[in-house]
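Scroll down for the structure; my scribbles are underneath it.
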Amino acid sequence: MRLSAHELHDLHELTMSCVNSITNMACFINQAQDPQLKSLLQRHFPHHIQDYNIKVDLLQKAGVSTLHFSAPQMQQVNINQPTNLQPVTPRTDVQQFNDREITTAYLLTLKRAGREYAWSAMECSNPEIRSFLENAFQMSSHHAFEVWQYMVQKGYYPVEAADQSSLNLYGRVYQPVPNAQQISMM
């Protein structure tokens, strides 16, 4: 199956984004001070290289890949940790990133990539590329969750529970559809 013009453009943009992600991750791995962060980046790095190589294969073979992508497995984590949020001020003279800057840059890259993968998958007519993009979105989502959890643990990202009055308000606003079982049988 041939690529449509917008599929080719999307693959190009996503591949260029991978070049940026891989280059940044290589730098981040070398600059990370916390062994836990360095390990996280090292575990994610091969997945990003695999993702890039599949895109290159798709571009070189006009949408037919011989490579298969496997998204990493999501780990269950505890999100009920209290946040001890650390203050931050942008630095204007940087020779080396600190761990907070590394995780912030990586998380924002993963979020942006995830949106682009999801959007591209919705527009894709090639079933193989669509499936690849859906898996790549899932990889970005899982990696972002792991990075976010690390950031919460280190006090780099705020987490606070919704207040009960807001929960009650929204709980009253939406009501179930009566007889949903009967409607679904129609």
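What follows draws every value from the coordinates through simple rules; no lab data is involved. These figures come from a predicted structure and were not determined experimentally. All Cβ positions, glycine included, derive from the backbone under ideal geometry; neighbour counts span all protein chains shown.
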Original post:
Sorting Trp119, Trp148 on the 10 Å Cβ count, fewest up front, what's the list?
Top reply: Trp119, Trp148
Subject >> Span-rule helices in the chain, defined as complete DSSP H runs reaching 20 Å or more along the axis (Cα) with Kyte mean at least -0.5 >> reply: 5-31, 127-154
Original post:
Do you know the Lys pair count in the chain for C-alpha distances under 24 Å, with sequence separation 8 or more or different chains?
Top reply: 4
Subject >> Filtered GluC sites (Glu not before Pro), region 112-186: DSSP coil and at most 14 other beta carbons within 10 Å >> reply: Glu160
Subject >> Global geometry of the chain, whether rounded, prolate or oblate, following the gyration tensor of its Cα atoms and the 1.5 cut on a/c >> reply: oblate
Subject >> FRET efficiency, Arg2 to Asn30 (Cβ-Cβ, R0 41 Å, nearest 0.05) >> reply: 0.50
**OP:** Quick one: among Tyr174, Tyr150, Tyr52, which has the greatest mean-square fluctuation in a GNM of the chain with alpha-carbon springs under 10 angstrom?
**Re:** Tyr174
Original post:
Once label points are set 7 Å from the Cα along Cα→Cβ at both Ala161 and Ser39, what is their separation, rounded to one decimal in nm?
Top reply: 3.0
**OP:** Taking 7 Å along the Cα-to-C-beta vector as the label spot, tell me the Gln182-Asn53 distance in nanometres, rounded to one decimal.
**Re:** 5.8
Original post:
Hey, what did the chain get for relative contact order, percent, Cα under 8 Å, at least 6 apart?
Top reply: 26
